[in-house]
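Report on one structure; see the data block that follows.
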Amino acid sequence: MKHFPIFLAVEGRRIVLSGGGDAAMAKLRLLMKTEAHLTVIAEDIADDIRKWADQGKLRIIERTMEPGDALCAALFYAANEDDAEDTRVSAIAHAEGALVNIVDNLSDSQFITPAIVDRDPVTVAIGTEGAAPVLARAIKADLEERLPASLGTLARIGKTFRHAVEVLPMGRKRRDFWAAFYFGAGPNALAGAGEDSVIPALETLLDTHIMQTAKAGSVDLVGAGPGDPELLTLKARKALDKADVVIHDRLVTGEILELARREAIIIDAGKEGFGKAMAQADIDALIVQHALDGLHVVRLKAGDPTVFGRLDEEIEAIEAHNIPYSIISGITAASAAAANIGQSLTKRRRNSSVRLITGHDTKGYADHDWRALAQPDQVAAIYMGKKSARFIQGRLLMHGADPATPVTLIENVSRADQQIIATTLAELEPTLTQANLQGPAITFYGLAPRAAQAKATSLREFA
Ligand code: SAH
């Protein structure tokens, strides 16, 4: 870049131009847009320039330029269309401290005048360093077409309102306000009831934005249950009813998302691009960002948010920004699955405890107290246990678990396509692989469906 574009403050300053013909007129047309004091010095002055002088737009000195004429000038234009004269007057202006432009003489000019798109106070300057004036003209024509004439009016009125908008916190809030004005409320007011209606429109818009700011954002970390909308808590329904944004897991069903407030923005955090899960840190940031914008965020998680839900990471991010939040319980997959096979998770004289375990964690297959689990009458609900089934089966058998221990796989718990597969520890694999389950599945170790269990018991009794 050989020329650095700047906007020069010329209000109340002198700009002197030497020359009185066509080149002078072309420059003067641009210069008259400014609030500078213009002086034109030439022996021969065109009629148009005289007219402009009569209108008070500039001052004329009707003689050739002399030393002292460019004193205190910010800018000087040599527009005599005569090389020798331009060189002479430029030397004077230069000596008197003005920045000098010689019309059509790039190399001897200290500055050049760009092509201008004027939507004052919005001004677009286009320069090609003299390389391609045609290009500059084409860009100018394009912009002239694209920028509505009302832009300047709106910017001018908007400028008078900047002070009032300082009640909004700096940054995004203010930017949102101005975007809403320039791309919505402003043009609408201007097109509707004209210029006088713009300030009232600004006032109304500001009121709306102040109200929105007063509304602090919050987050509800909500359990969506296993899929059946009827298994949602009332609190979850209410949270969905007033959600501005719903950020949900892959496992949350469409039927449940249907219950969100119609205007709510629904974000699938379980997918990105072609199905890859969003990184936890990105989800945290998404939650925080929307809450900081004053929105009510519902973070909707399958089952219960406190069970294998990475809840703590999200809470830490939320707390770090002092955002109010609440946790709304949901029915975890194990609870609903137990109900759907007619069993209780704990049972007197059978198991006084139940384990919720995960098949794998971020590091791979998860290890557990296999020895304890291998004891008779133990019950465990295994989450995310499809891939790790063979590993779990091997560990339990190795630690002496009875191969006949009942194992039940329940896929798509509580949904229309729920599937129950009753098997034993010995048969867990290959049964699971053969079943080729596509949906989420919970694996019960030590529990059989009630009917199957009853049948097995009666067979044993007959034997
Ligand atoms: N917070 C969830 C668990 C998330 S971990 C809850 O409380 O249920 C994801 C695992 O949960 C899945 O791999 C699967 O093992 C289990 N799961 C979630 N929803 C399920 C459903 N509808 N049917 C079967 N298993 C489900």
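The values are calculated or read from the model by the stated rules, or taken from the named source; none is laboratory data. Worth saying up front: this structure is predicted, and the values here are computed from it rather than measured. Cβ placement follows ideal geometry from the backbone for every residue including glycine, while neighbour counts extend to all protein chains displayed. Heads up: the accessible areas ignore ligands, DNA and RNA and are worked out on the full protein's heavy atoms, side chains in. Shrake-Rupley method; radii C 1.70, N 1.55, O 1.52, S 1.80 Å.
The residues in the range 209-234 that are touching a residue at least 40 places away in the same chain (Cβ under 8 Å), part of a helix (DSSP H, G or I) and within 16 Å of the ligand (Cβ to nearest atom) can be counted, and the count is 1. On the basis of being within 16 Å of the ligand (Cβ to nearest atom), out of contact with any helix residue (DSSP H, G or I) (no Cβ under 7 Å at 6 or more places or on another chain), closer than 21 Å to Gly439 by Cα and open to solvent by 20 Å² or more (accessible area, probe 1.4 Å), does Asp304 make the cut? It is false that Asp304 is within 16 Å of the ligand (Cβ to nearest atom), out of contact with any helix residue (DSSP H, G or I) (no Cβ under 7 Å at 6 or more places or on another chain), closer than 21 Å to Gly439 by Cα and open to solvent by 20 Å² or more (accessible area, probe 1.4 Å). Between Leu356, Leu295, the distinction of being closer than 30 Å to Thr408 by Cα and either surrounded by fewer than 14 Cβ atoms within 10 Å (Cβ to Cβ) or of a type outside the set (D, E, K, R) (or both) belongs to Leu356 only. Of the residues Ile61, Ile102, Ile92, the single one that is under 17 Å from Ala42 (Cα atoms) and in contact with a Pro (Cβ under 9 Å, 6 or more places away or on another chain) is Ile92. In the range 8-95, counting only helices (runs of 4 or more DSSP H) that sit wholly within it, the ones holding 1 or more residues that are in contact with a helix residue (DSSP H, G or I) (Cβ under 7 Å, 6 or more places away or on another chain) span 22-31, 47-54.
All of Gln393, Gln378 fail the test of being touching a Gly at 6+ places or on another chain (Cβ under 7 Å), more than 14 Å from the ligand (Cβ to nearest atom) and more than 26 Å from Ile266 (Cβ to Cβ), apart from Gln378. Working only within the range 63-108, note down all residues that are open to solvent by 80 Å² or more (accessible area, probe 1.4 Å) and charged (D, E, K, R). The answer is Glu66, Glu81, Asp83, Arg88, Asp104, Asp108.
Residues of the range 109-125 that are of a type outside the set (A, V, I, L, M) and either modelled with pLDDT of 95 or more or open to solvent by less than 50 Å² (accessible area, probe 1.4 Å) (or both): Ser109, Gln110, Phe111, Thr113, Pro114, Arg119. Among the residues making up the range 320-340, those that are more than 13 Å from the ligand (Cβ to nearest atom) and either open to solvent by less than 80 Å² (accessible area, probe 1.4 Å) or modelled with pLDDT of 95 or more (or both) are Ala320, Ile323, Pro324, Tyr325, Ser326.
Could you tell me whether Ser414 is within 9 Å of the ligand (Cβ to nearest atom), assigned to a helix (DSSP H, G or I) and out of contact with any His (no Cβ under 7 Å at 6 or more places or on another chain)?
Taking the combined requirement at face value, the residue does not satisfy it.
Of all residues being under 15 Å from Phe308 (Cα atoms) and part of a loop (DSSP other than H, G, I, E, B) in the range 369-385, which is most open to solvent (accessible area, probe 1.4 Å)? Just the residue, please. Give the derivation first.
We begin by selecting, within the range 369-385, every residue under 15 Å from Phe308 (Cα atoms); these are 380-385.
Right, trim to part of a loop (DSSP other than H, G, I, E, B) and you get 384-385.
On the way: Met384: 88, Gly385: 4 Å².
Only one residue fits best here, namely Met384.
Cβ-Cβ contacts under 7 Å between residues 6 or more apart (or on different chains), taken from a first residue in the range 329-344 that is assigned by TED's automatic domain parsing to the domain that holds Ala381 to a second residue that is open to solvent by 50 Å² or more (accessible area, probe 1.4 Å) and near the ligand (Cβ under 8 Å from one of its atoms), are listed as Asn340/Gln418. For the range 354-366: of the residues being touching a residue at least 12 places away in the same chain (Cβ under 8 Å) and part of a loop (DSSP other than H, G, I, E, B), which is farthest from Leu396 (Cα to Cα)? Filtering first and then ranking leaves Val354.
Flag: Pro440 matches the condition of being open to solvent by less than 70 Å² (accessible area, probe 1.4 Å), outside the structural domain of Gly303 (by TED's automatic domain parsing), touching a residue at least 60 places away in the same chain (Cβ under 8 Å) and not aliphatic (A, V, I, L, M).
Pairing residues of the range 383-406 that are under 30 Å from Ala302 (Cα atoms) and acidic (Asp, Glu) with residues that are more than 13 Å from the ligand (Cβ to nearest atom) and open to solvent by 70 Å² or more (accessible area, probe 1.4 Å), at Cβ distances under 9 Å and at least 6 apart in sequence or on separate chains, gives no pairs at all.
Scanning the range 96-110 for residues that are in contact (Cβ under 8 Å) with a residue 24 or more places away in the chain, out of contact with any helix residue (DSSP H, G or I) (no Cβ under 8 Å at 6 or more places or on another chain) and either within 19 Å of Gly21 (Cβ to Cβ) or not assigned by TED's automatic domain parsing to the domain that holds Asp44 (or both) yields one hit, Asn101. Scanning the range 2-25 for residues that are without any contact (Cβ under 8 Å) to a residue 40 or more places away in the chain and closer than 16 Å to Glu81 by Cα yields Gly20, Met25. With respect to Ala317, is the statement that it is outside the structural domain of Leu356 (by TED's automatic domain parsing), without any contact (Cβ under 8 Å) to a residue 60 or more places away in the chain and not aromatic (Phe, Trp, Tyr) true? Yes. Just a yes or no: is a residue in the range 309-316 aliphatic (A, V, I, L, M) and more than 8 Å from the ligand (Cβ to nearest atom)? Yes, because at least one residue in the range 309-316 is aliphatic (A, V, I, L, M) and more than 8 Å from the ligand (Cβ to nearest atom).
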